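Written out below as C-alpha cells is the structure these notes cover.
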Amino acid sequence: MKVYVPLDAAARALGADEVVAALQAEAMRRGVALDVVRNGSRGMVWLEPLVEVETPAGRMGFGPMEAASVAQVFDGGSLAIGLVEDLPWMKAQTRLTFARCGVIDPLSVEDYRAHGGFAGLARALAMRVEERLDEVTASGLRGRGGAGFPTGIKWRTVAGAVADRKYIVCNADEGDSGTFADRMIMEGDPLSLIEGMVIAGITVGATHGFVYLRSEYPDAIAVMNLAVLAARAAGMLGASVMGSGIAFDMEIRVGAGAYVCGEETSLLNSLEGKRGVVRAKPPLPALEGFMSKPTVVNNVISLATIPVIFERGAAAYAAHGIGRSRGTIPLQIAGNVARGGLFEAAFGMSLGEIVDDLAGGTATGRPVKAVQVGGPLGAYFPRMLFDVPFGYEEYAGQGGLIGHAGIVVFDESADMLAQARFAMEFCAIESCGKCTPCRIGAVRGAETIDRIARGDASAIPLLHDLCDTMKAGSLCALGGFTPYPVLSALTHFPDDFARVKEAAE
Ligand SMILES: Cc1cc2nc3c(=O)[nH]c(=O)nc-3n(C[C@H](O)[C@H](O)[C@H](O)COP(=O)(O)O)c2cc1C
Ligand code: SF4
C-alpha cells in the first residue's frame, strides 16, 4: 500500500509526522506493507495533513487526518474526500509552476524526471544564448517577488555585461505577510527551482548561484540542501551541466531574518556578510551585484517557472493571463478565511471569485470588510473593488499592488485605523535606517495616526502630506510603499478614522 503524507511545514505543524507514525503502527498491526512517500503540499491547507492513498483510479484523499483516525485510511470513513485531482480546488487551477508540487517525492530525481523535470533544461541547452533570452522575454514572465520587472530584460542586461564572474541569486526571503508560495515549492518541488537557476546561469554566463533563504524556514532549508546534493549527483549541477561542458553550481545561504533583507540590494549586502542595508541604485545589481559582479536577482517563483516555460514553450505560457500580466500566479489565500491555501491561476481572476468562491468567505462567518493584497506594503481593498482583475497594471490603477500575491482577508470586526497604524509601525521597526523619509517618517506616521485616533481630525491632512513625502523621497519600496496600506485604509474606510471623535462628542 502506497500512501503520501506531506513533509510540508504547514502539514507538519498540523501533525503530519504524528500521522505517519500512527499509519506505520496501524499498518504493522494489520500486517500491511506500507510505503510512505513524503510529498509536498497540494496547497489545500485546510485539509492538512492530507493523506493520499494510491489506487488504480488515482489518489484517494483523507483529510484533515489525525493520528487517532488513521484506521480510516485502511477502512474508509468520514475523512475520505474522494480523488484529490477531482476536487474542485484542484480542477479549477492552471498548475504550471506547481504542476509537480504535492505529486512527486521532492527529493527523487527519478520522480522529477518522470513528471517533466529536466525537459526545459534539455531544450534550453539545445538553444543558443540569444534564443534562450528571446524565449524568456516572449513568455512575458515578470518578477514574482513583488516589483513585476520583466525577467527577460533583467537576464539580457546580465548576459550583456562583461565580467570575469557573474552570479544568480535566488531571493527566498519571502517576508510578505500571508505568503508561502516560495516555501511550498522549495519543500514540494525543489528541483524545479534548481533547474530554473541552472537555465538562468547558462543563459547569462553565471557559474555560481545562491539561494538566500530565511532562517524561519528550517524545513525548506533542509529540503533545498538535500535537493542540491541530488541535483549534483544527477549531473544537473557541476563542472559540466548535463554533459554540456558548461559549469554551474550553487549553494544555500541562510539569512538571519529582517524584512528589508528581501529587498535585493539589502539581500546582497547580507549575502556578502555585511549589515542588511539598502544600496542606492544605480548601479543596478544586474551590472554590479554580488561582490560588485553582474548578478541576476530573482524570486523563487520567477526562477521555478523557467523550466515549464522552456518545456512547453514561451507562447504556451504567454497564452495565459491578461494585458501585460502573462502566465499564471500562485495566489496565496490567508487570514480570516474558511479555506486558506495556494491556488495557481492565470492572471485575471477577481478578488470576489478568490475570496467568496475559492476561500468560501471568512472563517468567522462575518462579512468580509477588507482584503490586503501584496503583503505589508499592499493596499486594503474594499468590496466595491472586488471586480478588479488580478494583474500588475490593473492593481496599480487602483492604488494597489499584487506584490508576491499574498491575499489576507479581514472580516467586519477589523479596525482599519489600527491596521494603518500597524503599517507605519511595521515600517518603523523594519526600516534599514538609510533614508530619512522612512526612518523618521514611519515613526511620525504612527504618532500622527495616534492623534487621529484621539479625535484630532486636523492630523488627517498631515498624514496625507507625510505619505506624499514617504512615497516621493524614500530610497526603496519599504518607505515608498508603506503609504499604500495607510492611504487605502483612510480612503476606503473613513468611518474608522472618525469614530473616536464621534465617541468623544
Ligand atoms: C522591503 C522589500 C522587501 C522585499 N522582499 C522580497 C522578498 O521577500 N522576496 C522577493 O523575492 N522579493 C522581495 N522584494 C523585491 C526584491 O527587491 C526584488 O525586486 C526581487 O527579488 C527581484 O526578483 P523578481 O524580479 O524575480 O521578482 C522586496 C522588496 C522590498 C523593497
Ligand atoms: S526606504 Fe526605509 S528601508 Fe528603504 S532605504 Fe530608506 S530607510 Fe532603508
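The values are calculated or read from the model by the stated rules, or taken from the named source; none is laboratory data. No experiment lies behind these values; they were computed from the predicted model shown. Using ideal geometry, Cβ is built from the backbone for each residue, glycine included, and neighbour counts are taken over all protein chains shown. Surface accessibility is based on the protein's heavy atoms, side chains included, excluding ligands, DNA and RNA. Shrake-Rupley method; radii C 1.70, N 1.55, O 1.52, S 1.80 Å.
Which numbered condition in (1) in a loop (DSSP other than H, G, I, E, B); (2) within 16 Å of ligand 2 (Cβ to nearest atom); (3) open to solvent by less than 20 Å² (accessible area, probe 1.4 Å) is the only one that Met236 fails?
Of (1) in a loop (DSSP other than H, G, I, E, B); (2) within 16 Å of ligand 2 (Cβ to nearest atom); (3) open to solvent by less than 20 Å² (accessible area, probe 1.4 Å), only one is false for Met236: (2).
Is it true that Leu268 is within 16 Å of ligand 2 (Cβ to nearest atom), in contact (Cβ under 8 Å) with a residue 12 or more places away in the chain and crowded, with 17+ Cβ neighbours inside 10 Å?
Yes, satisfied.
Every residue, every condition in (1) within 18 Å of Ala418 (Cβ to Cβ); (2) open to solvent by less than 10 Å² (accessible area, probe 1.4 Å); (3) touching a residue at least 60 places away in the same chain (Cβ under 8 Å); (4) in contact with a strand residue (DSSP E or B) (Cβ under 7 Å, 6 or more places away or on another chain), yes or no:
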position	(1), (2), (3), (4)
Leu342	no, yes, yes, yes
Ala345	no, yes, yes, yes
Glu353	no, no, no, no
Gly360	no, no, no, no
Asp387	no, no, no, yes
Glu394	no, no, yes, no
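Which strands (runs of 3 or more DSSP E) sit wholly inside region 5-70 and have at least 2 residues that are touching a Leu at 6+ places or on another chain (Cβ under 6 Å) and open to solvent by less than 40 Å² (accessible area, probe 1.4 Å)?
Passing ranges, in order: 58-62.
Per-residue answers, yes or no, for (1) crowded, with 24+ Cβ neighbours inside 10 Å; (2) over 20 Å from Phe149 (Cβ atoms); (3) touching a strand residue (DSSP E or B) at 6+ places or on another chain (Cβ under 6 Å):
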position	(1), (2), (3)
Thr295	yes, no, yes
Val300	yes, no, yes
Ile306	yes, no, no
Gly321	no, no, yes
Arg324	no, no, no
Ala334	no, yes, yes
Arg339	no, yes, no
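Please name all residue pairs, on different chains or six or more residues apart, with Cβ atoms under 6 Å, provided the first residue is in region 299-326 and is without any contact (Cβ under 8 Å) to a residue 40 or more places away in the chain and the second residue is surrounded by fewer than 24 Cβ atoms within 10 Å (Cβ to Cβ).
Every condition considered, no pair remains.
So for region 361-383 (the condition being small (Gly, Ala, Ser) and under 17 Å from Met90 (Cβ atoms)), does at least one residue qualify?
no
Can you run down the residue pairs with Cβ atoms below 7 Å, 6 or more apart or on separate chains, where the first is in region 283-296 and more than 17 Å from Ile153 (Cβ to Cβ) and the partner is part of a loop (DSSP other than H, G, I, E, B)?
Phe290/Glu272; Met291/Glu272; Lys293/Ala163; Lys293/Arg165; Lys293/Lys166
Please tell me if Arg132 is more than 26 Å from Ser431 (Cα to Cα), open to solvent by 20 Å² or more (accessible area, probe 1.4 Å) and not aliphatic (A, V, I, L, M).
Taking the combined requirement at face value, the residue does not satisfy it.
Those residues that are surrounded by fewer than 18 Cβ atoms within 10 Å (Cβ to Cβ), over 21 Å from the mean Cα position of the chain (by Cα) and not basic (Lys, Arg), I need them from region 135-179; list them, please.
Those that are surrounded by fewer than 18 Cβ atoms within 10 Å (Cβ to Cβ), over 21 Å from the mean Cα position of the chain (by Cα) and not basic (Lys, Arg): Thr137, Ala138, Ile153, Thr157, Gly160, Val162, Ala163, Asp164.
Could you list, in sequence order, all residues of region 271-282 that are free of Cβ contacts under 8 Å to residues at least 40 places away in the same chain and more than 16 Å from ligand 2 (Cβ to nearest atom)?
Scanning region 271-282 gives Glu272, Gly273.
Looking only at region 369-384, count how many residues are open to solvent by less than 20 Å² (accessible area, probe 1.4 Å) and more than 16 Å from ligand 1 (Cβ to nearest atom).
5
One residue is enough: does region 401-411 have a residue meeting the conditions open to solvent by 20 Å² or more (accessible area, probe 1.4 Å) and among the acidic types (Asp, Glu)?
The answer is no, given that none of the residues of region 401-411 is open to solvent by 20 Å² or more (accessible area, probe 1.4 Å) and among the acidic types (Asp, Glu).
Which residue is farthest from ligand 2 (Cβ to nearest atom), if the candidates are limited to region 426-475 and must be among the acidic types (Asp, Glu) and surrounded by fewer than 17 Cβ atoms within 10 Å (Cβ to Cβ)?
Per the criteria, the residue is Asp456.
Any idea which of (1) open to solvent by 10 Å² or more (accessible area, probe 1.4 Å); (2) of a type in the set (Phe, Trp, Tyr); (3) in contact with a Gly (Cβ under 8 Å, 6 or more places away or on another chain) is the one Tyr212 doesn't satisfy?
So Tyr212 meets the others, but not (1).
Does Val169 qualify as being under 30 Å from Ala10 (Cα atoms) and more than 16 Å from ligand 2 (Cβ to nearest atom)?
Judged against the criteria, Val169 is a match.
State yes or no: is Met416 at pLDDT 95 or above, farther than 25 Å from Leu342 by Cα, under 26 Å from the mean Cα position of the chain (by Cα) and within 16 Å of ligand 1 (Cβ to nearest atom)?
Considered against the rule, which asks whether it is at pLDDT 95 or above, farther than 25 Å from Leu342 by Cα, under 26 Å from the mean Cα position of the chain (by Cα) and within 16 Å of ligand 1 (Cβ to nearest atom), Met416 comes out as no.
How many residues are among the hydrophobic types (A, V, I, L, M, F, W, C), open to solvent by 40 Å² or more (accessible area, probe 1.4 Å) and more than 21 Å from the chain's Cα centre (by Cα) when one looks only at region 86-118?
Counting residues in region 86-118 that are among the hydrophobic types (A, V, I, L, M, F, W, C), open to solvent by 40 Å² or more (accessible area, probe 1.4 Å) and more than 21 Å from the chain's Cα centre (by Cα) gives 1.
Can you tell me which residue is nearest to Ile185 (Cα to Cα) among those in region 119-129 that are out of contact with any Ser or Thr (no Cβ under 7 Å at 6 or more places or on another chain) and open to solvent by 20 Å² or more (accessible area, probe 1.4 Å)?
Once the filter is applied, the top-ranked residue is Ala119.
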